[in-house]
Every structure is written in C-alpha cells, then in structure tokens.
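To start, the structure under review is shown below, and the notes come after it.
Read-outs: derived from the displayed coordinates by stated rules, not from any lab. Since the model is a prediction, treat every value here as computed from it, not as a measurement. Cβ sites come from the backbone with ideal geometry, for glycine too, and all protein chains shown count toward neighbours.
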Amino acid sequence: MTSAQRPTLLRLENIRKSFSGVTVLHGINAEIEQGEVLGILGENGAGKSTLLKIVSGIYSLSDGALHIDGEPVTIGSPGDAKRLGIAMIPQEFNLIASLNVFENIFLGHELKRGSLLDKAAMRQRTHDLLQLLETELDPDSLVEDLSVAEKQMVEIAKALVHDARILIMDEPTTVLTKKEVEVLFALIAKLKAQGVTILFISHKLKEVKQLCDRLMILRDGQLVSMDEVAHLSEHDMATKMVGRELNQIFPERSQPLDEWALEVSGLSIRSQLHDISFGVRKGEVLGFAGLVGSGRTETMEALMGLRRSDSGQVKVFGKPVKIRKLRQAVELGLAYLSEDRQGAGLVMNFDLPENISLISLKRYSRGLINHQQTRKQAQDYVQRFSIKAPSLSSELQYLSGGNQQKVYLSKWMDTDPKILILDEPTRGVDVNTKKDIYHFIQSLTEQGMAVIVISSEMEELIGLAHRVMVMREGRLQGELSDEQINEQQIMLLAAGLGPQQRETA
Amino acid sequence: MSDAIKKGALATRFFSGSNAKPKFTIGNYAPLIALIILVVISALASEHFLMPRNITNVLRQVSYTGIIALGMTFVIIAGGIDLSVGSGLALVGVLVIMLLNYLGDGWLAVSVAIGAAAALGAMSGAINGALTTKGKIAPFVATLATMSIFRSLTLYISDAGEMVSQNSVYSKVGTGYFLDLPVPVWLFLGLAALGHMLLRHTAFGRHVCAVGSNPKVASYSAINVQRIIFSTFVILGVTVGLSAVMLSSRLNSVSPGDAGMFYELDAIAAVVIGGTSLNGGKGTIWGTVIGAVILGIINNMLNLMGVSPYLQGTVKGLVILIAVLMQYKRER
C-alpha cells in the first residue's frame, strides 16, 4: 500500500449512530491519514453527513470511539472539535455579510490588546493567511461584496486560523465555476503539502478522481469501500455507491418534431442580457451552457415574467405572446424549475400535497380546496417518480435533496406544461435520482414536450441535449448541435475563445 | 430487494435522521392542553370561576381583542405585524359614533354605521398594507407610525372628549344576548369559523402561509406576494372595525384617549400563545381563539383571587415570554 508512509491521524472505531431507535450508521471503522485528501462518496441518505457531523461535534455518537494520534478523544460539541483541530466548511456559509473579512475570520475569537480589539494584529494575521492561500482578497473587504468563491476562501481561512489539522469540505465545488474549482484544488494541494487532512464530500465522480488520494464510499450507513482512488474507475465508484450496476445513465435521445414550441428573439435586459435569440422544438432538449453568471438563469427568468425585460419577442407555438407575469407564462404552458430548489422552489414547511398543488391550486378548489383530490394527485406523483417520504403529510424539509427535487418536478408537472425549463435539475442530487430525472426528461420529449436544460455539468448536456446554446457575459456565444456537442467546444465558447463561425443573430 | 421494505427503511431513516416530527404532535396541541390545565386549576382555585355568569363574562371580555386577534393571525402568518390596531379601533369607534349621531335614530342607522365601521377599518388596514407593500416600509415601523397617527387623529376629531351615541338602539348590539351568549361572543366565534375556513380551506389561505414561509418561493409559484400581504392587512382592518362596533355599542360611547389601549399587545399575545410562529408561515385560527381565552382566564383569575390589577401586566408579559420560548424550543 502506498499510504503506508503516512501516519494515522484520525481513527474511527465502530462508529454507530441511531436516531430514536433507527440506526443510520452501522459501525464504521476507518483510519484517516495525516495529509491525505480523502473523498467521501455516497448517495443522499447514505450517512456521509451524519458521520462528518459526528466528527465535527454536531452530533454525538451512539456507540464507538474516535482516536486522534492514537489517543481516544471525546468530541461533544463543535467547540471540542475546534480545539482538536477539526474544522468544517459548511455548504451554507456562516459568515456575517455586514462585517469585513478579518472581522469574520476572528469572529468570537477576537484578538485583544487590553480590553480593546487589536485590529492591526487581526488584519496582519488575516493578510498572512490570505497570502498563504494565494488569494488577492483584501482583509478589509466587506463579506457582502464578495463572490461565492471568495466567501468560501474566507471560510477556509477562518478554519485555518485555528490551526486546523482536519478540514471537512461538504460539496465545496457545487457553487463554484470551473476556474474557481481549479483555484480551490490548487489550494487543497497546498494544504495537503502542509500536512492538513482534507475530507472532501462530493457528488462529482470526475472531481473526486482528480483530487483525492483515497476514497471512502458509504451506502445505507455502512462502509462499502475504502481504497486508493487509483484503484477505482468512475464506473466502479458509481456501482459501489448504488450497490448495483448502473447501466445507461443517459437514455437514448428521441427524435424531435419539426414544429417550434418556443421562439425567442432579441431578448435584452439593460446591462445584463444582450439580444438573446433561440428556439426549441417539440420533443427537443435544448441545453444552455455557460459559466455561473453568464446570464442563463436571467434569460429564463425574463422569459417567464419573473424579471422585467427591455425588449424581445416571444412566440409560443407560433403565436406571438407577451409575458409580464409568471401566471401568464404558466397559462401558456411554460414551466420553470429554478436552480434554487430550497430558496425559490419549495415551501419547506408545507407537506407534499400542499407543495405540489401550490401553483395549480385553482384546479382543486371551487371556493374551498378539495383536500382529498390534492392528496390523491400527490399520491400519484409519489408513485410515478418513486418519491421517498415518510408520508404524504411530511414537511418537505424532512426529505432528501433528490426527493425534494422530484416533488419540485411534480409541482410543475401539475400545471400541465408544454414547455419545461429546468435550471440545474440535478444539483445536489444523488446518482440514482439523476438517472431517474434524465429518463423522465426523455419520456417527456417522447410525448412531444419541449425541454430546456440549463446545466453546469457538461456531461449532462452532452448526454441529453439535441442542441446546446452557450452563453457568456449575457450574450449567446454560439450554438452546438449533434456531434459538435463536446466538452472542448462548450468550454471554448463559454470562455469566449470559440471559433466564431456561427451567426448569433 | 423488496420495494416496500426498501421504501419503509428509507422512510424511517429520513424520518429520524433529521429529527423529523409528524405534523400532529403534542406540541401542536400545547395551547389546548394549556387551556385545559388552566381551566382545571381555576376551577379548583375559585368556586366562582365555573359559574355561568363568570364564564360568559370572560368570553365577552375576550371577544373584543379576540376578534382583532383573528385578523392579526393572518397578518402574522404572512410575515407581518400590526401595532396600530388599538388606535385604529379608537379612530373607527369615534367616527362611527359621529356618523350614527348624524344619521339619527333607528336600526337602519345602526346597520349603516356597522357597514361603515367595517369599511373604515378596511381602509385603515389598506393604509398599513400599502405602506408595507408599495412603500416597502417594515410593518413594525409603518404600523408604529400609523399607531401614533390614528390615536392623534382620534383625539383631534373628538377634541379629546368622550363621544356618546344618541342612537337609542345602538347599545343593544353590544349588550344583547342570543341563546344565553353575548352578541360579541357570537361574532367572535362566527368570525373564527369563517377565518378558519379562509385560512385552511381556500387558495387564499394557502397563499398566505406560502408568502409567510418564503416569499421568494411564493413569487416563483405565480403568487402575487404583495397582493396577499396587502389583503391580510385589510382583513385585519375589517376585524378592527367590527371590534370597534362591539366595544362602542357595549359602552354606548368611545373615550378617544384610552379606547383600544394595548389591544395590539393582547391581540399579538393571543396569536403567539395560540402557537402561530412570529416568523410567519404557520399558524391556526383555533389556536388564536384558545390563546385569547387563555389570556382572558388569566385576567379573570387574577381578579377573582384579588391580585393587584397593576400586576396583571406582569403576568401577561410572562405568559407571552413562555409561549415564545416554547415555540423556539419546538422549532429547534
């Protein structure tokens, strides 16, 4: 084993965790080495988060023991974890927007001189840290002015200021652009060289393959594999996670019809979108690629009447229409699933029927809502999409990400759409659910639905789309179809380097 | 693997993994349980408590702020708050009695005045609604300002003097009985039933909850968020207007300086004790009814037991704190 030269830093001994009698971790044994990047893979609900919450002191373990440097330790609170050098970079950042970078980094552990704050020392240490991280960030910038990637950098600096030895990162790359991911990976390599252990959770197999030394794969609360990354192919990883062969994650593409479902021309929003024109046919999947912030979401929101546009014509099934409010778009048969499932998609304290019927509620009410009918309809969707929920009356917050996404899809399917727009439909969703969603998209196009998919995962667009529009800085940079749709072409266009042989009207 | 077993296993996993609770837990019935305990204790502590006259009295006392609390439930669930209801009540009360005295005697005048009270109340609510939606002023601040404005207008219009109704039948509305229960109590219970239907069983009520829970999700679900918020203030305004009728007809007069004083406190307290979250998004009308009754019983018991009236505010404040603390504990 190549790992033999690295000393064991953290040993998990028979870690068990149960919540009110239900066991979610069935005795995990593992040795985590100093200075390694350990990828942690598993479907939603496999126990990854629970395990890491135990390590970082958020949950207490039901049975088993943790050892650091061979000594048994008790991690009863996040404070204990911090003292032991364990820090977690959460998915949702815990930063205070109105404070600046160094104030955030030292929040709760301010350096003092006498009873006054020693701002100079804090600023200096922050500066040193940021230098070490090789970022241009200014210790005095306000956090609210920072990009997502920069905020993440602040979180990392915040962890390092307490001399973290184990850094836990929970899907850090979902919010980053490709470029920012590269910066992050370079940073991880640097930390690793300094002997910091990184625990890295991700759903992106390619990323894990590229970054990690070893891989821990969890399934149903059990450790199914702990192995060198070099020994595993992406296919192996997926199979181990799911527990069976995953054949054909992308279904066969169906043949689009000739009829245009949606035609957009000259859509513009001052200083945001410039002259966007595209169309999608019945039975076709049109992909939208581009970096985060390239204007894809803005385009769709303007189309749906969620954003005011300054100019542009829209035709739905050949008929010119004006859409000023979302309600009008819904009535024309357009549906839009936002990328922000929890922030803009679902009411987390509503149950399944309440969420699913929220847009289409008129259909179920003649003055009073027919609750029986909404429940029956929700039950149908639960079966159709195999949504896993404790019961129909469970609030959405208690469902996993993948199941939430399926409820979100049900909610819009219930408006009976003809044109379905999906913005990052598989973000934060496990492999199995991804596959379900892809197959569902395929079956819809088979029935003549026009589908637009915005995605930052290129293989998704390559696997699904008949044509791909690439956007950059609020403009359409180019259109790719059939064999032209590959990673390189998309990247070139997205980066603004594309061969501009195409007219973008 | 068997699908059913798999489904069951997953279900329990999600269920427990996130400390999930089914919808109907003891926590949801906490207001009702508190009420029952309170009634038992009160009955043991004072032999007067369960006498029909005392009970009727408590219910009548409760109904004035209780009616307002019904409207307040909608505003709070939609994520707002309204501090102006007490002043609004005084203003509507004064205007209604002026109108009544202008219209002359008889039931027709009374009917017109009641309609006018509802309309005036709706207008005061519309002003608050417009300030928060169109003006984008935080409801706490907007209604703090209108609280001051309404009270000051009341004093100005009435010249700070008591307004007495000259109508000979008006007082029958507030003092009347129907089937052994005072009219205000009937109105309170009737509006509660109506409010419950509106909140639980109509699209509007569902939209109110959605807006309070997450306005962005609501607007991305084709709900007109501003219109919903505005409507909740108008509904509250109507209940304020009707409460003004009940109170002024009971006394056959309105004293502009102290009519409706601290009603905002009682109304908000009833809503919170009833389990409605001050963060918005969820709540029930029956909870509010129970919350109002709990407050009424506490006041009544303090009176029966001869506790100084000056201490009653302290007790009320403590009850509100306990209710809010219990809510936070449940939300964690």
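Counting beta carbons within 10 Å around each of B:Met197, B:Met305, A:Met169, A:Met348 and listing the fewest first gives the order B:Met305, B:Met197, A:Met348, A:Met169. Taking a spot 7 Å from the Cα of A:Lys179 along the direction of its beta carbon, which residues of the stretch A:137-164 have an amide N less than 14 Å from it? From the stretch A:137-164, the list is A:147-150.
Counted as membrane-span-like here are DSSP H helices of chain B whose alpha-carbon atoms extend 24 Å or more along the helix's own axis and whose Kyte-Doolittle mean is 0.0 or above; these are B:52-77, B:85-103, B:107-133, B:139-158, B:183-201, B:225-251, B:285-304, B:312-331. Considering only A:Gly463, B:Ala122, A:Gly76, the residue lying farthest towards the positive end of the dipole of the protein assembly as shown is B:Ala122, judged by Cα position with unit charges set on Cβ. GNM on chain B, C-alpha springs below 10 Å: top fluctuator among B:Thr143, B:Thr314, B:Thr65? It is B:Thr314. Amide H to amide H distances under 5 Å link A:Ile40 with A:Phe200, A:Ile201, A:Ser202, A:Met216, where only residues 5 or more positions off or on other chains count and H is placed in the peptide plane.
Compute the FRET efficiency between B:Ala145 and A:Ile96 as 1/(1 + (r/R0)^6), taking r as their Cβ-Cβ distance and R0 = 30 Å, and round to the nearest 0.05. According to the calculation, E is roughly 0.50.
Note on the protein assembly as shown: dipole from Cβ charges, positive end direction compared against A:Leu215, A:Leu142, B:Met163; the farthest Cα belongs to B:Met163. Spin-label pair A:Ser147-B:Lys216: with each label point 7 Å from Cα along the Cα-Cβ axis, the two points sit 2.0 nm from one another.
The calculated 222 nm mean residue ellipticity attributable to helices in chain B amounts to -24500 deg cm²/dmol, summing -39500 (n - 2.57) over DSSP H runs of n ≥ 4 and dividing by all residues. Taking a point 7 Å out from the Cα of B:Phe204 in the direction of its Cβ, the residues of the stretch A:350-387 whose backbone N falls within less than 19 Å of it are A:358-371. Working from label points 7 Å from Cα in the Cα-to-Cβ sense, the A:Asp69 to B:Gln312 distance is 6.6 nm. A simple charge model with +1 on the Cβ of Lys and Arg, -1 on the Cβ of Asp and Glu and nothing else charged puts the dipole of the stretch A:343-416 at about 180 debye relative to its Cα centre. Ranking of B:Arg60, A:Arg83, A:Arg475, B:Arg53 by neighbouring Cβ atoms within 10 Å, starting from the fewest: B:Arg53, A:Arg83, A:Arg475, B:Arg60. Taking a ≥ b ≥ c as the square roots of the Cα gyration tensor eigenvalues, the stretch A:1-145 comes out prolate, since a/c reaches at least 1.5 and a/b is larger than b/c. The ranking of A:Asp163, A:Asp170 from fewest to most other beta carbons within 10 Å of each one's beta carbon is A:Asp163, A:Asp170.
Put simply, the amide H of B:Thr284, placed in the peptide plane, has neighbours under 5 Å in B:Thr276, leaving out anything fewer than 5 places away on its chain.
Run the Debye formula on the Cα coordinates of the protein assembly as shown, all scatterers equal and no solvent, and tell me log10 I(q)/I(0) at q = 0.07, 0.10 1/Å. Rounded to two decimals, the profile gives -0.67, -1.19.
With a cut-off of at most 14 other beta carbons within 10 Å, and DSSP calling the residue loop, which chymotrypsin sites (Phe, Trp or Tyr not before Pro) in the stretch B:254-290 qualify? Please list them.
Within the stretch B:254-290, the qualifying chymotrypsin sites (Phe, Trp or Tyr not before Pro) (loop, at most 14 other Cβ atoms within 10 Å) are B:Phe262.
The order of the peptides B:133-140, B:144-151 by mean Cβ neighbours within 10 Å, most packed first, is B:144-151, B:133-140. The overall shape of the stretch A:255-364, judged from the alpha-carbon gyration tensor, is prolate: a/c is not under 1.5, and a/b is greater than b/c. Each of A:Gly448, B:Val110, A:Ser265 was scored by the projection of its Cα onto the charge dipole of the protein assembly as shown, and the greatest displacement toward the positive side belongs to B:Val110; charges sit on the C-beta of Lys, Arg, Asp and Glu.
Label separation (A:Gln313 vs B:Ala160): 7.0 nm, computed from points 7 Å beyond Cα along the C-beta direction.
I'd like the mean, over residues of A:367-373, of how many other protein chain beta carbons sit within 10 Å of each residue's own Cβ. Can you show the working numbers first?
Numbers: counts 4, 7, 6, 1, 2, 0, 0.
Going residue by residue through A:367-373 and averaging, the value is 3.
Each principal axis of the Cα cloud of the stretch B:36-331 was taken in turn, and the coordinate range along them, longest first, works out to 54, 50, 34 Å. Restricting the stretch A:278-319 to chymotrypsin sites (Phe, Trp or Tyr not before Pro) that sit in a DSSP loop and have at most 10 other Cβ atoms within 10 Å of their own Cβ leaves nothing.
Give the shape of the stretch A:343-416 as rounded, prolate or oblate, defined through the alpha-carbon gyration tensor: a ≥ b ≥ c are the square roots of its eigenvalues, a/c under 1.5 means rounded, and otherwise the shape is prolate if a/b is larger than b/c and oblate if not.
It is prolate, given that a/c is not under 1.5 and a/b is the larger ratio.
Restricting to the stretch A:2-242, what percent of DSSP beta bridges are antiparallel, rounded to 5?
60
Across all directions, the average flat footprint of the convex hull enclosing the Cα atoms of the stretch B:18-142 is 12.9 nm². When the trypsin sites (Lys or Arg not before Pro) in the stretch A:287-338 are filtered for DSSP coil states and for at most 14 other beta-carbon atoms within 10 Å of their beta-carbon, the remaining sites are A:Arg308, A:Lys322, A:Arg324, A:Lys325.
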